[in-house]
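Note sheet for the following structure.
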Amino acid sequence: MLQGKKILLGITGSIAAYKTASLVRLLIKAGAEVKVVMTESASEFVSPLTLSTLSKQEVLSKIADNNAWANHVMLGRWADIMLIAPLSCNTLSKMAAGNCDNLLMAVYLSATCPVVVAPAMDEDMWHHPSTKRNLLTIASYGNHIIPVNSGELASGLVGDGRMAESEELVEWLRNFFFKKESLKDKTVLITAGPTHEAIDPVRFIGNASSGKMGIALATELQNRGAKVHLVLGPSAEKVPPGIEVTRVESAQQMFDACVQKFDRVNWAIMSAAVADYRPMEKANQKIKKKEETLTIELVKNEDILKHLGTKKKNGQCLVGFALETNNEKLNALQKLQTKNADLIVLNSLNDAGAGFGVDSNKITIFDKRGGERTFETKSKKEVAADIVNTIIDYCNE
Ligand code: CTP
């Protein structure tokens, strides 16, 4: 899994830096190419000569050295992944704030590859609220975090904060590349967000869907190597780069975009909260306030999931969602059947932490073969992983 992988190792000033000598050796042994960038304080804990000897590459630590400029942009582009290990408290806070006062930070800020960090610090620093906040901040930028171990610390105390061992870091990287390539032959269509059905040029019928669940699914699938087409209704959420996005407003536009793409995908996941009805006519001018009551006649929108269910070919997997407030299981199973889906993901508005706008969700997944999997309330990121794992299991059964 690590054969030929390009790993950019960033080393910061922590006693755990001494472990990077064995880390570089293990990575090279596994067939990876390793380039090292270190902060000046890191070189007080481990010698650049040791690392350049083990990696067979020059070790960089200054933006300019011997009148030559270190090309930090190209280093980040060269790498398949940047691993910052050990990550000191100081560099963590710089990453959270976006400070750029050394080569390692310049490389990190311009890196286009995924970044993973292995923190190392004393227990009290590790538990400080600012450390927790900074970790959450860098995780929200998309960085991966390898948990610290508990054990003997440099201070002589015993507790949390030890950097993961070199073998664990290598294992993490192996899993990362395995996961990243596991769906590389899959193309997936996802719908997400609400739809807006225009009443007049300034008004619409819509709903409170944020698009978070669908975007989390698109991100998870992309992280596992799938090619993702996201058909996204009006949503303020950010979509990570690399996901092909078609922005739509109405259910009709969402329908057209999906029908056009469905033939070429392996899986389709319909997580959008599509408006069931649209105004029969859209007024050309803003409707003026005249009478005491106003009646707008609505007509049914085409059901995208149901339509794709009639077009589904052998080998294609179709996944729907069911957001219910009552008779949840019965309604979900009915949708599974009437829409000819393979799997249906039920979330109930009766469950705390589930539904629109929130960052968590609680789901049960039913499949066409009678399978049922219930999950705890989790972050939408974790829920996305559960859904993807369930689709994989269903397809491999
Ligand atoms: N769906 C769709 N197109 C529609 C309506 C719904 O593709 N016009 C999809 C949703 O994306 C979801 C599933 O159908 O995957 C179920 O949506 P939901 O709103 O829960 O159910 P409806 O079929 O609209 O039925 P109801 O509103 O009566 O519960």
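Throughout, read-outs are computed from the coordinates displayed, never taken from laboratory work. Quick caveat, the model's predicted, so the values are computed rather than measured.
Miscellaneous remarks
- Length available on full extension from ASP351 to ASP200: 0.36 nm per residue minus the Cα-Cα distance, which gives 50.8 nm.
- Antiparallel %, DSSP beta bridges [both residues in the chain], to 5: 35
- 31 Å Cα-Cα threshold exceeded, pairs from LYS19/LYS62; LYS132/LYS368; LYS132/LYS261; LYS132/LYS179; LYS62/LYS380; LYS5/LYS313: LYS132/LYS368; LYS132/LYS261; LYS62/LYS380; LYS5/LYS313
- Where only alpha carbons of the chain are counted, the Rg and the Dmax (Å): 25.2, 84
- Percent of alpha-carbon pairs separated by more than 33 Å within the stretch 187-396: 14
- In degrees, nearest ten, helix 251-262 long axis to first principal axis of the chain (Cα): 60
- Phi-based couplings in Hz for the stretch 313-330 (Karplus 6.51, -1.76, 1.60; Gly and Pro marked x): 9, 4, x, 8, 10, 10, 10, x, 10, 9, 9, 10, 10, 8, 6, 4, 5, 4
- Database remark: amide H of ASN340 closer than 5 angstrom to no amide H (H placed geometrically; neighbours at sequence offset of 5 or more, or on other chains; Pro and chain starts carry no H).
- Amide hydrogen neighbours beyond the local backbone of ILE81, cut-off 5 Å, H modeled: LYS6, LEU8
- Residue with peak Gaussian network fluctuation, the chain [Cα springs, cutoff 10 Å], from THR187, THR325, THR364: THR325
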